[in-house]
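K.L.:
To start, I am sharing the structure in question, which I have written as structure tokens.
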Amino acid sequence: MNAPISRDRRFAPEALAALEGELASRFAERAVVNLSIREQHGHGEGLADAALPDVVVFPHTNEEVAEVVRACAAHRVPVIAFGVGTSLEGHVAAIHGGVCIDLSQMNRVLEVNAEDLDCRVQAGVTREQLNAELKGTGLFFPIDPGANATLGGMAATRASGTNAVRYGTMRENVLGLTVVTPEGRIVRTGGRARKSSAGYDLTRLYVGSEGTLGIITEVSLRLHGVPEAVSAAVAQFPGLREAVQTVIAAMQMGIPVARIELLDEVQMDACIRYSKLEGYEAKPTLFFEFHGTADGVAEQAGLMQQIAAEHGGGEFRWAVAQEERSALWKARHNAYYAALALKPGSFGFSTDACVPISRLADCVLETREDIDATGLICAIVGHVGDGNFHVLVLFDPNDPAERAKADEFAKRVSMRAIAMGGTCTGEHGVGIHKLDALRAEHGEAVELMARVKRALDPLDIMNPGKTVPL
Amino acid sequence: MLPPDVHAELAVLLPPEALLTAPEDTKPYECDGLTLFRERPSAVVLPETEAQVVAILRVCHAAGIPVVARGAGTSLSGGALPDPRGVVLSMAKFNRILSVDVLSRTAVVQPGVRNLAISEAAAPHGLYYAPDPSSQIACSIGGNVAENAGGVHCLKYGLTVHNVQRVRALLVDGDAVEFGGASLDSSGYDLLALVTGSEGLLAVITEITVRLLPKPQRAQVALAAFDDVEKAGAAVGAIIGEGIIPAGLEMMDQPATRAVEQFVRADYPLDAAAVLLVESDGTPEEVEHEMGEIRRILTASGATSIRVSRDEKERRLLWSGRKNAFPAVGRISPDYYCIDGTIPRGALPLVLRRTAEWSREFGLPCANVFHAGDGNLHPLILFDANREGEIEKTIAFGDRILALCIEVGGTITGEHGVGIEKLSSMCSQFAPDELDRFLGVKNAFDSAGLLNPGKAVPTLARCAEFGRMHVHRGELRHPELPRF
């Protein structure tokens, strides 16, 4: 699953030469063939198995993206969309060669309609940039994957984050898209209306399609009011089971907690060291955040405290001030880097299982036992409120046996989740690493996905070899 | 008439009472909630098991016979209108709730289960199913998924697509597939969203896992009166603009209020130009706080009176008017025509003003009753089909409203679906490249076009034809169809 990737070009060198010439004359210095730039665009943040694109183009408009795609279609050369390269599943690796379209220069917030709680941005706008531009409007965009990803990339991978339990994922928060089709035409899906039952739901089809059906160039997003009151708390538990049971009980009671994050003892240990968290022990830990009115927040927190205490949780440590909360969540967002620092020189990747809440305790505990049996260094962290958790798996890049062991373990995590009625990917996407798991998870429906892919991209030039096995 | 060999094959699969072909037996199936369109099917089948549905689909697929799936027949866009060459596949006997999982807060149900029955079954566990179309006592969950139904409470809790987690369905050739899964997220293309709202054109739904929500501890509704429709529209924007998402935010204008009051006797303010119903739910503290904010904003927006429900009985009474608005309007006018256009909320005052102007221009009364928080309009144009020229005027009026909805960035249908009714309007809302994507999707699922043919997505040829018709304004659109 996380095995090294090979490169196999699908087009003749003459086709590439002709295309390069066309792109160079049209885009001049914005069509780059320089090796270091191509290297930067050959991989995300997951594993370092790079597959370099042949050309990187930096378009500025929808029409320019369409021009590049039309040129590629004419020469049957693959097209790979690129945001800021934070994907964890090899989405941007040019495994069949081709042209990388880097959207990072399409970074304008096009409109903010405060009274309608929506906005429209170009695909290259990052989530932090959007929130910085929203300051002063009383609104924010909640979805926060660990990385400061682009909103186009987040839509393409159906990203989620720490507060999906309250605000949903990209699936719930994208209102509409502008997409360049594999023929190089510009289509718009959805719109500013809050709901529409006109035609098939292409918006959600493109959300999570990982660049395999078209290139997302603009995203209309739903915004949310900044809550009147916010408070965050940390509780530590004697064991993993108690921490997970606390989460399950909270979800069952329907407490509208905004964030509920689990860090196991290994992850907590890593975060304490990496982010210099003081006064915490390396024990299974839950991070909570509550949003609402002052009274509402106090009420939710009170209930949560009661549930945690019933499950053996220690005293809540509160972080009410903005700076304290930021420090806490920064530590959480840096969990991946913190874990990597546990074993200097190691490489790592993250699993992404998501299971029904009723199976969460079984899945997390069995996974922890599995880790202990493998002898690998692994940390568990997750947005457990929606049943999604990650195992950060470390391995020595120079030790093929350890890498194989890590790959086998990752496969078991996916299969365990699927066997429990869950999924191999809650938010990172399928990419190149989870094609087998997709088949196990969906059976017959995978063939239907392939039919949709063939119907909408008959030449198979859009990010080929990813997301859906053909 | 079914070809005799097809009839014979179906007769082997189904008992006689589950295979209807006599005109008197198929007549009840000739239309759905949109009674303007009627068509007699060749046959109606009423299977009881998924195996029977598989076999029926195989027979029809092999013989090239169209299949129109039907739930409770409450569609307002002609989604269940039969195909004269085809079979109506009634899912009415799939009416069992298979399980309620309290821990995962989900229920597995068959498609023929009524929307409200799910909440009734979940109630002992303190749970309910949130989407609540006005027809919820009758409409089936399978139809809700096929149409991506909404309702009064979808402003806060989402549409059907947000509340369904897994769908089991049969493809046109009878192959079973599952979309989504038991967990909140799922991998690969979002086929679950694609099949939701696909109006029976992609697959036949046989089983659904819905999400259940904990019943809010408390709910309270405020009824606010305004002396001006535009002020009420602006109040809607003001509430949402402050970041408050009420559980329901509905509007009725004076013609609607007056019609409803005769019907439900809820003591609505009859002198008001418009009323808003604003609901808050949650814990008692949250509701008290939010209701305070809502009252403040309503007052600042010029509400002339505000009445807040004191108990559950009064809350239900206030809502009963809204939920019964359609039948109530049906009592004051021989015919009415409901539009479903949806717009960005900010455009509400403009669209309401234009609608009122056109109502005078056409000489047709128009009652507005709608999901204001979502910007989902339901203008009810009142007319008398027996009066010379009123049908044509009504259509022209409705078209103008829909064209304006598209112009302000909205859509021709928020929740009722395209069906047969709005097929030509699809050509105005979507460009040929966009329609081409829809047709590509359809082709991936049902290349022969046997599932619910002629609905939801127009062919490009049809749009070309429509384009020509559009030049000659005033001409009756799609003359090949019996209208009204």
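Every read-out reported here was derived from the displayed coordinates using simple, explicitly stated rules and does not represent laboratory data. This is a predicted model, so every value here is computed, not measured. Cβ atoms come from the backbone with ideal geometry, glycine included; neighbour counts cover every protein chain shown.
K.L.:
Determine the distance separating the Cα centre of segment B:222-251 from the Cα centre of segment A:267-294; give it in Å without decimals.
P.N.:
41 Å
K.L.:
Also: Just to be sure I follow the definition: excluding the sites themselves, where is the longest run in chain A that has none of the trypsin sites (Lys or Arg not before Pro) in a DSSP loop with at most 11 other Cβ atoms within 10 Å?
P.N.:
Value returned for the longest uninterrupted segment is A:277-470.
K.L.:
Under the classification rounded if a/c is under 1.5, otherwise prolate if a/b is larger than b/c and oblate if not, where does chain B fall, given a ≥ b ≥ c as square roots of the Cα gyration tensor eigenvalues?
P.N.:
oblate
K.L.:
I need B:Lys93, B:Lys231 ordered by Cβ neighbour count within 10 Å, fewest first.
P.N.:
B:Lys93, B:Lys231
K.L.:
Which value, in Å³ per residue, describes the convex hull spanned by the Cα atoms of the protein assembly as shown?
P.N.:
Measuring per residue, one finds 163 Å³ for the Cα hull of the protein assembly as shown.
K.L.:
For segment A:271-367, state which GluC sites (Glu not before Pro) are in a DSSP loop and have at most 12 other beta carbons lying within 10 Å of their beta carbon.
P.N.:
In loop regions of segment A:271-367 (DSSP not H, G, I, E or B), the sparsely surrounded GluC sites (Glu not before Pro) are A:Glu278, A:Glu281, A:Glu315.
K.L.:
Would you give the gap between the C-alpha center of segment A:213-263 and the C-alpha center of segment B:397-449, rounded to a whole Å?
P.N.:
Between the Cα centres of segment A:213-263 and segment B:397-449 lies a distance of 37 Å.
K.L.:
Estimate the FRET efficiency between A:Glu444 and B:Ala63 by the formula 1/(1 + (r/R0)^6), using the beta-carbon distance for r and 30 Å for R0, to the nearest 0.05.
P.N.:
Step by step, r from the Cβ atoms, then E = 0.80.
K.L.:
Calculate the FRET efficiency for A:Phe140 and B:Asp173 from the Cβ-Cβ distance with a Förster distance of 60 Å, rounded to the nearest 0.05.
P.N.:
Values: r = 47 Å, r/R0 = 0.79.
Taking R0 as 60 Å, the efficiency between A:Phe140 and B:Asp173 is 0.80.
K.L.:
So, one more: Between A:Asp399 and A:Ala327, what is the spin-label point distance in nm, taking each point 7 Å from the Cα along the Cα→C-beta axis?
P.N.:
Simple spin-label model gives 3.6 nm for this pair.
K.L.:
While we're looking at this one, here's another question. Within a 10 angstrom radius of each residue's Cβ in A:108-119, how many Cβ atoms of other chains show up on average? Whole number is fine.
P.N.:
3
K.L.:
Okay, moving on. Nearest 10 degrees is fine. How inclined is helix B:4-13 to the longest principal axis of chain B, computing both from alpha carbons?
P.N.:
Roughly 70 degrees between the two axes.
K.L.:
Right, another one. For segment B:255-410, with equal point scatterers placed on the C-alpha atoms only and solvent neglected, what are the log10 I(q)/I(0) values from the Debye formula at q = 0.10, 0.13, 0.17, 0.18 1/Å, to two decimals?
P.N.:
Reported log10 I(q)/I(0), two decimals: -0.41, -0.68, -1.08, -1.18.
K.L.:
Related question: Angle check, please: helix A:360-374 long axis (alpha carbons) against the longest principal axis of chain A (alpha carbons), in degrees 0 to 90, nearest 10.
P.N.:
Orientation of helix A:360-374: about 80 degrees from the principal axis.
K.L.:
While we're here: Taking GluC sites (Glu not before Pro) as candidate sites, keep only those in a DSSP loop with at most 11 other Cβ atoms within 10 Å, then name the longest stretch of chain B containing none of them. Display every interim value, and only then the final one.
P.N.:
On the way: sites that count: B:Glu388, B:Glu475, B:Glu480.
That gives B:1-387 as the longest site-free run.
K.L.:
On to the next question. Could you work out the mean projected area of the convex hull around the alpha carbons of segment A:1-129, in square nanometres to one decimal?
P.N.:
Average of the hull's projected areas for segment A:1-129 equals 9.1 nm².
K.L.:
Something else: May I ask for the Rg/Rh ratio of segment A:343-439, computed from Cα atoms with Rh as the Kirkwood radius, given to two decimals?
P.N.:
0.95
K.L.:
Please give me, ordered by residue number, the GluC sites (Glu not before Pro) of segment A:158-236 that lie in loop per DSSP and have at most 15 other Cβ atoms within 10 Å.
P.N.:
Those that pass, being in a loop and sparsely packed, are A:Glu228.
K.L.:
Could you tell me which Cys residues in chain B have no other cysteine's Cβ under 4.7 Å from their own Cβ, answering none if every one has a partner?
P.N.:
B:Cys31, B:Cys60, B:Cys139, B:Cys154, B:Cys338, B:Cys366, B:Cys405
K.L.:
Write down, largest first, the equivalent ellipsoid semi-axes of chain A in whole Å, where each equals the square root of 5 times an eigenvalue of the alpha-carbon gyration tensor.
P.N.:
Working: eigenvalues 276, 138, 77 Å².
Each semi-axis is √(5λ); the values are 37, 26, 20 Å.
K.L.:
To the nearest 10 degrees, how steeply does helix B:229-241 sit against the main Cα axis of chain B, on a 0 to 90 scale?
P.N.:
Around 80 degrees separate the two axes.
K.L.:
According to the square roots a ≥ b ≥ c of the eigenvalues of the Cα gyration tensor, what is the shape class of segment A:68-149, taking rounded for a/c under 1.5, prolate for a/b larger than b/c otherwise, and oblate for the remainder?
P.N.:
Verdict is prolate for segment A:68-149.
K.L.:
Here's something else I'd like to know. Taking neighbour counts of Cβ atoms within 10 Å as a proxy for exposure, in what order, fewest first, do A:Met415, B:Met251 appear?
P.N.:
Fewest-to-most Cβ neighbours within 10 Å comes out as A:Met415, B:Met251.
K.L.:
For segment A:109-225, what is the charge dipole size about the Cα centre, in debye to the nearest 20, if Lys and Arg each add +1 at the Cβ and Asp and Glu each add -1 at the Cβ?
P.N.:
Working: 13 positive and 12 negative charges, 50 e Å.
Computed about the Cα centre, the dipole is about 240 debye.
K.L.:
Another question, then. Amide H of A:Ser231: which non-local residues (sequence gap of 5 or more, or other chain) have their own amide H closer than 5 Å, using H built in the peptide plane?
P.N.:
Hits under the 5 Å cutoff: A:Phe290.
K.L.:
Taking the C-alpha atoms of segment B:334-471, how large are the radius of gyration and the largest Cα-Cα span, Dmax, in Å?
P.N.:
Using the Cα atoms of segment B:334-471, the pair Rg, Dmax is 16.0, 47 Å.
K.L.:
What's the Cα-based Rg to Rh of segment A:258-378, Rh via Kirkwood? Before the final figure, lay out each step's value.
P.N.:
Numbers: Rg = 15.8 Å, Rh = 16.1 Å.
Radius of gyration over Kirkwood radius for segment A:258-378 works out to 0.98.
K.L.:
How would you classify segment B:218-328 from its alpha-carbon gyration tensor, with a ≥ b ≥ c the square roots of the eigenvalues: rounded for a/c under 1.5, else prolate if a/b is greater than b/c, otherwise oblate?
P.N.:
oblate
K.L.:
Follow-up question, since we're still on this one. If one computes the Cα centroid of segment A:94-162 and of segment B:275-322, what distance in Å separates the two points?
P.N.:
36 Å
K.L.:
Might you report the magnitude of the Cβ-based charge dipole of the protein assembly as shown about its Cα centre, with Lys and Arg at +1 and Asp and Glu at -1, to the nearest 20 debye?
P.N.:
It works out to roughly 820 debye.
K.L.:
Once you place label points 7 Å from the Cα toward the Cβ at B:Arg354 and B:Thr35, how far apart are they in nm?
P.N.:
3.2 nm
K.L.:
Residue by residue, what Karplus-based ³J(HN,Hα) values in Hz, rounded to whole numbers, does segment B:368-381 have, using 6.51, -1.76 and 1.60 with θ = phi - 60° and x for Gly and Pro?
P.N.:
For segment B:368-381, the Karplus curve yields 9, 9, 6, 7, 5, x, 8, x, 8, 7, 9, x, 9, 7 Hz.
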